[in-house]
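Q: My structure is below; once you've seen it, I'll send some questions.
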Amino acid sequence: MPAVPPALTLSDVGFLLHGEPFRILSGALHYFRTHPDQWADRLRKARLLGLNTVETYVPWNLHQPAPGTLDLDGLLDLPRFLELAHAEGLRVLLRPGPYICAEWEGGGLPSWLTAQPGLRPRSRDPRFTAAVDAYLDLLLPPLAPHMAARGGPVIAVQVENEYGAYGDDTAYLAGLADALRTRGVEELLFTCDQADKSKLAAGSLPGVLATGTFGGRIGDSLEVLRTHQENGPLMCAEFWIGWFDHWGEPHHIRAADDAAADLDTLLSAGASVNIYMFHGGTNFGFTAGANHDHAYTPAVTSYDYDAVLTECGDPGPKYAAFRDVIARHAAVPDEPVPEPSPKLPPTDVRLTDSANALVCAEFLAPGEQFTDPPTMERLGQAYGFVLYGTELPALGDRVLHFTGGVGDRAQVFVNGAPAGVLERERHEDTLHVRSPEYGARLDVLVENMGRANYGPRIGDPKGITGPVTLDGDPLENWTCHPLPLDHLPELPFRATDTPVAGPSFHRGTFTVGTPADAFLALPGWTKGVAWINGFNLGRYWSRGPQRRLYVPAPVLRPGANELVLLELQAATTRTVRLTDEPDLGWTDEG
């Protein structure tokens, strides 16, 4: 039986879909950053914009939390997402990595892999390639029915991701391409790299389409791409129309008219495009990544990105502007711009019950004994917190030194009283402590704020990352409680009306009539994590810029709902508020 030709092929100047000219008009939409019950809504809005394709990364670290496993449930039900895209008439660009960047925890590489001593990620290190192969063996079979070769929506698959900014091992890239082909991927393969001559040269692969990533200087960027690749389609695989945010920095925005003008220039040149992001979504739970240039800078919970759709899926200013541009170059559905989603009426929630987080550690995880404090990875833990405890063998004022630093934020307590905070982003590793008695209890609560998602520090360790000394003498005999907080059991809450002080869980209930999108405002609270009905909304921090957490409507239920906060420091109130508007903070325009 003759082989079926790939659905998407190349001509000298453009793409062909089933032999007919085809321009890819795509938008980035990460299924794992959007509640599954909202996937259909976001996909419909992509089609109504005039897009014919959506693009998504695939986060290895979530799909494979441990070797030999594969999670395709709920937020990770990629086959269902692909079915919904197909039902909407959209094609799909699939970007399975293994590395995805995406401002995502660890760039998508699982910590159980990168924690192996001496392992070289994104290389031909046999341990790395064997792990990739084992993962693809599990991932690709459930996706096979959704490939274009079998009538599905996936028309192209990316090999690695912006590899030219990291390395130049063509044999490594060729091995990945072969790994896809030998496992039945017949669709068009492509690479993407920043529109820079050296990065394109280092990150591309002979016989594989090279695409560019850029947000401006459209003519220059396309010229660089054409110089690198003399024939075939020109494609911007990431047309950056906004940017991501770090804690303590401004919220980034880009004017709609400016981005629309560049989109028009790009399409007028005959290029194909993937708008990054069409819909950014949210880094729910502990999934936000971090960058590390001169200093460690963790990303905020929101991945709004100033995208075409806002974090809650409403059309933003770019929606109408981009739709007008696309209509000049392609057919746009004759349907109105979608209306914003309903919002929950403003609702105050009082946190009536509390439980000391240091005490709760015993309920959450049994203590494990170590001579020296282990890293989070040594404990077999990917995300969340670790509580370390030992005794101080001396009286009086002492200097506590974390010789390897902390990953990434450590709160120190002596006999339960706060002694100070150390933050990796501020290069802090030393603290003055006072021991009031022999054998005073030292507790150190360390939070993983997100692993580096870009550059040479991918796989950075978390927790306490080296020996701890007191006046130069090593502290030993540690009890460690791994606290991934991937689910919350029943905790020893007690009704209280006292002020919030120190790491504590706080619980309150509220009533909802008809569930709708909302935003959790926490004025007067400092830093922590929020859950509604057991769903982890992500981190909040008064440092900003983000001041409210997005609450997807499907997380709520008619009638009684439960809110739990883990406040790490202190609060001036016991009340929070569900509002009908987001607040992503001050912008880089003032």
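Bear in mind these aren't lab numbers, they're just calculated from the coordinates by the rules spelled out. Model, not experiment: these values are computed from the prediction. Virtual Cβ from ideal backbone geometry, glycine too; neighbours counted across all protein chains shown.
Q: Mind running the shape call on the range 124-201? Use the C-alpha gyration tensor, a ≥ b ≥ c as the square roots of the eigenvalues: rounded below 1.5 for a/c, prolate if a/b tops b/c, oblate otherwise.
A: oblate
Q: Mean projection of the alpha-carbon convex hull of the range 524-590 over all orientations, in nm²?
A: For the range 524-590, the mean projected area of the Cα convex hull comes to 5.3 nm².
Q: Could you state the principal axis extents of the C-alpha atoms in the range 145-251, from the largest down, to the nearest angstrom?
A: For the range 145-251, the Cα spread along each principal axis is 44, 32, 25 Å.
Q: For the range 445-590, report the convex hull volume of the alpha-carbon atoms normalised per residue, in Å³, without decimals.
A: Taking only Cα atoms, the range 445-590 has a hull volume of 195 Å³ per residue.
Q: Right, another one. Would the range 117-165 count as rounded, prolate or oblate if I go by the C-alpha gyration tensor, calling it rounded below 1.5 in a/c and otherwise prolate when a/b exceeds b/c, oblate otherwise?
A: Here the range 117-165 falls in the oblate category.
Q: Can you work out the base-10 log of I(q)/I(0) for the range 431-515 at q = 0.13, 0.17 1/Å, using the Debye formula on its C-alpha atoms alone?
A: -0.79, -1.10
Q: Oh, and also: When 1/r is averaged over all different Cα pairs and the result inverted, which Kirkwood radius in Å belongs to the range 30-108?
A: On the way: mean 1/r = 0.0765 Å⁻¹.
It is 13.1 Å.
Q: Okay, moving on. Run the numbers on the range 503-553 and let me know its relative contact order in percent, using alpha-carbon pairs under 8 Å that are six or more apart.
A: 38
Q: Relative contact order for the chain using alpha-carbon pairs under 8 Å, separation at least 6, rounded to a whole percent?
A: Contact order relative to length: 14 percent.
Q: Around Val500, which amide H atoms from residues at least 5 apart in sequence, or from another chain, sit under 5 Å from its own amide H, with H modelled in the peptide plane?
A: So Val500 has HN proximity to Ala571, Thr573.
Q: Using only helices, what value at 222 nm comes out for the chain when you add -39,500 (n - 2.57) per DSSP H run of length 4 or more and divide by the total residues, to the nearest 500 deg cm²/dmol? Kindly include the intermediate steps, with their values, before the conclusion.
A: On the way: 11 runs with 110 residues, N = 590.
Computed mean residue ellipticity for the chain: -5500 deg cm²/dmol.
Q: Here's something else I'd like to know. Is there a quick way to get the dipole size of the chain? I mean about its Cα centre, with the Cβ of Lys and Arg at +1 and of Asp and Glu at -1; what is the value in debye to the nearest 20?
A: With only Lys, Arg, Asp and Glu charged at Cβ, the dipole is about 460 debye.
Q: With bins 10 Å wide starting at 0, give me the P(r) of the chain over every alpha carbon pair, in whole percents.
A: Cα pair-distance distribution for the chain, in percent: 3, 17, 26, 26, 17, 8, 3, 0, 0.
Q: Something else: Quick one: grab the alpha carbon gyration tensor of the range 8-327, order the square roots of its eigenvalues as a ≥ b ≥ c, and give me rounded if a/c is under 1.5, else prolate or oblate depending on whether a/b is larger than b/c.
A: Rounded is the answer for the range 8-327, as its axis ratio a/c remains below 1.5.
Q: Each residue of the range 8-22 in order: what ³J(HN,Hα) in whole Hz does its phi give by Karplus 6.51 cos²θ - 1.76 cosθ + 1.60, θ = phi - 60°, with x for Gly and Pro?
A: Values per residue, Gly and Pro as x: 9, 10, 10, 10, 5, 10, x, 8, 10, 10, 6, x, 10, x, 8 Hz.
Q: Could I ask something else about it? Relative to a virtual label point 7 Å from the Cα of Leu119 in the Cα→beta-carbon direction, which members of the range 128-144 show backbone nitrogen distances below 15 Å?
A: 128-136
Q: Right, here's the next one. At most 13 other C-beta atoms within 10 Å and a DSSP loop state: those are the exposed GluC sites (Glu not before Pro) I care about. Give me the longest piece of the chain that has none.
A: 1-229
Q: Could you please rank Arg226, Arg574, Arg91, placing first whichever residue has the fewest other Cβ atoms within 10 Å of its Cβ?
A: Starting with the residue having the fewest Cβ neighbours, the order is Arg226, Arg574, Arg91.
Q: Cα to Cα, under 24 Å, and not fewer than 8 places away if on the same chain: which lysines meet these conditions relative to Lys45?
A: Lys318, Lys343
Q: Given the range 326-429, what whole percent of its Cα pairs are spread farther than 15 Å?
A: 78
Q: What number comes out for the charge environment of Ala357, summing +1 per Lys or Arg and -1 per Asp or Glu over other residues with Cβ under 12 Å away?
A: In short, -4.
Q: Seen from all sides and averaged, what is the projected area of the convex hull of the Cα atoms in the range 1-144, in nm²?
A: Value for the range 1-144: 11.0 nm².
Q: Turning to a different aspect of this structure: Report, to two decimal places, the Cα Rg of the range 243-328 normalised by 2.2 N^0.38 Å (N = number of residues).
A: This ratio for the range 243-328 stands at 1.23.
Q: Relative contact order of the range 356-483, please, whole-number percent, based on alpha carbon pairs below 8 angstrom and at least 6 residues apart. Write down the numbers at each step before the final one.
A: On the way: 308 pairs, mean separation 54.2, N = 128.
Relative contact order for the range 356-483 comes out at 42 percent.
Q: Now a separate question. For the chain, what proportion of DSSP beta bridges, expressed in % and rounded to the nearest 5, is antiparallel?
A: So the antiparallel bridges in the chain amount to around 75 percent.
Q: Could you tell me the extents of the range 356-483's C-alpha atoms along the three principal axes, largest first, rounded to whole Å?
A: The Cα atoms of the range 356-483 stretch 45, 32, 25 Å along the principal axes, largest first.
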